[in-house]
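Data block below; observations after.
Each reported figure results from applying straightforward, stated rules to the coordinates on display, with no laboratory input. For clarity, every value in this text was computed on a predicted model and none was experimentally measured. Note that we place each Cβ from the backbone using ideal geometry, even for glycine, and neighbour counts take in every protein chain shown.
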Amino acid sequence: MAHSYHHAVSSARKWGGAAEDYLAIHTWFDRSKEIVADFRHRALRHHAEGIFLAERLFGVTITNSYGRIVPVRLIGEQHVREDLGRVPSFADWIRHIRPEPWMGRVGILEAGASGAFVETAKGWLFLSVLVLPRRRFVQIGRAGRRHSRRTGG
């Protein structure tokens, strides 16, 4: 469907009440159009995880203007089925994203005296920095022997 209002009208036909009873939920599903205004916006919320997230945000049920209690999960499933014909998993969407080299790069976000945040393929990681006294350090030689050397500090 082209607009979340039309999804809301469809919900009102199915469960009763007014379109406005359902509009906030359907608008939330389509709010990702603010990021990308074509079918790809659906990858962010139009899947099983998105439906469960809607349930966490809006509650397990809503009560429409006719006084009928309607499960939010059913409203979300209706929205996704109207757009896609089925309810895919997030893995179904991700499986079709072609990996690019920039997607796996690691970079330091911010370094401080006690550590640094490092971006990894699985998210941000905080690395602690162990500060050793400057007077000695250990160096591994070519033969694997340890050599101690004093610094001028």
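Quick notes on this one:
- Cα-based equivalent ellipsoid, region 1-85: semi-axes from gyration tensor eigenvalues, Å: 21, 13, 10
- Residues I62, I94, ranked from the fewest to the most other C-beta atoms within 10 Å, line up as I94, I62.
- Each of D21, D92 has some number of other Cβ atoms within 10 Å of its Cβ, and from fewest to most they run D92, D21.
- This ranking places R68, R42 by how few other beta-carbon atoms lie within 10 Å of each, fewest first, which gives R68, R42.
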